[in-house]
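Below is one structure; the comments refer to it alone.
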């Protein structure tokens, strides 16, 4: 068996986030689905980008944000995602590599440009995401290298991969490699609308191939088509070894190993932008799992990381989140 030299390898849509403030009236004017992620085409992306206010451009994508958070905590992280040989591809490669994440996927020399997610943040800190997948749709099985996956204790994948057919095949190949090498597979459900698009396949995946599941309340209710959180909790506890369910201001619930832990949300002076909250929660949780923390401490570290990222604009930490590892030993302050 290959020696585990990485804590986690993330696989996802390699996207450059363009983040700007917007009024609710702007969302209404452009018929945008507030608080959700919507896939758009190149023409829509150009039009919306032209209408947006001044934005900040940073490497993004759900799994990429999680791997950056993990690396900044001191974990060993790798990433697989498709970019193009263009300006935004250069932005993505520089940002994720500078954070300490191993990123070795070959860029596309031809075809669609690097993906971008146009994120509108309203005054209530909700983020409305409009994603042009671009080069992401070219991610396929050939980009999954056995040595890279086998070298990670956990392979972490985002539910958004279920949209492009090639990425779905890459997902299945990576899951099979991880399983063959005795590694864990982790999945983030990503978005309730993503769950609606692929519910039956994702439910089968969760039941038979996922060891560690991340979801928010809306996503887990959609997965099992129930209206009650406790009912969804009971269902998922039978399907996965470990599940972490986030509930915004209510904190999170972690179930696994015959235990249920209710973790309060970490205090934050002011919620500025919820972009990346779930991604950074997963980063803290996965750091904990790969460093043999108990499940309650994993949840606390996830909550601390999420609280840091929602306290400012953008999906990347602005403080030294490695300090949160030690802080997670103690109960969260009320």
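The values are calculated or read from the model by the stated rules, or taken from the named source; none is laboratory data. Here the structure is a predicted model, which is why all the values come from computation and not from measurement. Counting neighbours? That spans all protein chains shown, and the Cβs are built from the backbone with ideal geometry, glycine included.
Summary table below
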quantity	calculated
Positions within the range 296-322 being more than 15 Å from the chain's Cα centre (by Cα) and buried (at least 20 other Cβ atoms within 10 Å of the Cβ), in sequence order	297, 298, 299, 300, 301, 304, 307, 308, 321
Selection from the range 249-290 of residues that are over 30 Å from residue 18 (Cα atoms) and surrounded by fewer than 16 Cβ atoms within 10 Å (Cβ to Cβ)	257, 258, 259, 260, 262
Residue satisfying condition, being surrounded by fewer than 24 Cβ atoms within 10 Å (Cβ to Cβ) and part of a helix (DSSP H, G or I), within set 153, 173	173
Residues being touching a residue at least 60 places away in the same chain (Cβ under 8 Å) and either in a loop (DSSP other than H, G, I, E, B) or touching a strand residue (DSSP E or B) at 6+ places or on another chain (Cβ under 7 Å) (or both) - total across the range 266-286	13
Single residue of the range 181-215 satisfying the filter (in a helix (DSSP H, G or I) and within 21 Å of residue 79 (Cβ to Cβ)) that is nearest to the chain's Cα centre (by Cα)	194
Subset of the range 158-170 that is assigned to a helix (DSSP H, G or I) and in contact with a strand residue (DSSP E or B) (Cβ under 9 Å, 6 or more places away or on another chain) - its residue that is farthest from residue 216 (Cα to Cα)	170
Subset of the range 263-280 that is under 19 Å from residue 56 (Cα atoms) and out of contact with any helix residue (DSSP H, G or I) (no Cβ under 7 Å at 6 or more places or on another chain) - its residue that is modelled with the highest pLDDT	271
Residue that is modelled with the highest pLDDT, among those in the range 164-186 that are under 17 Å from residue 111 (Cβ atoms) and touching a helix residue (DSSP H, G or I) at 6+ places or on another chain (Cβ under 8 Å)	170
Test: residue in the range 104-112 that is at pLDDT 90 or above and under 17 Å from the mean Cα position of the chain (by Cα)	no
Positions within the range 136-157 being touching a strand residue (DSSP E or B) at 6+ places or on another chain (Cβ under 6 Å) and at pLDDT below 95, in sequence order	136, 138
Spans of helices (runs of 4 or more DSSP H) in the range 15-113 with at least 1 residues on the phi < 0 side of the Ramachandran plot, touching a helix residue (DSSP H, G or I) at 6+ places or on another chain (Cβ under 9 Å) and surrounded by 21 or more Cβ atoms within 10 Å (Cβ to Cβ)	42-51, 62-72, 87-98
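Residues checked against (1) out of contact with any strand residue (DSSP E or B) (no Cβ under 8 Å at 6 or more places or on another chain); (2) farther than 24 Å from residue 162 by Cβ; (3) without any contact (Cβ under 8 Å) to a residue 40 or more places away in the chain:
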| position | (1), (2), (3) |
| --- | --- |
| 51 | yes, yes, yes |
| 54 | no, yes, yes |
| 82 | no, no, no |
| 85 | no, yes, yes |
| 102 | no, yes, no |
| 106 | yes, no, yes |
| 128 | no, no, no |
| 131 | no, no, no |
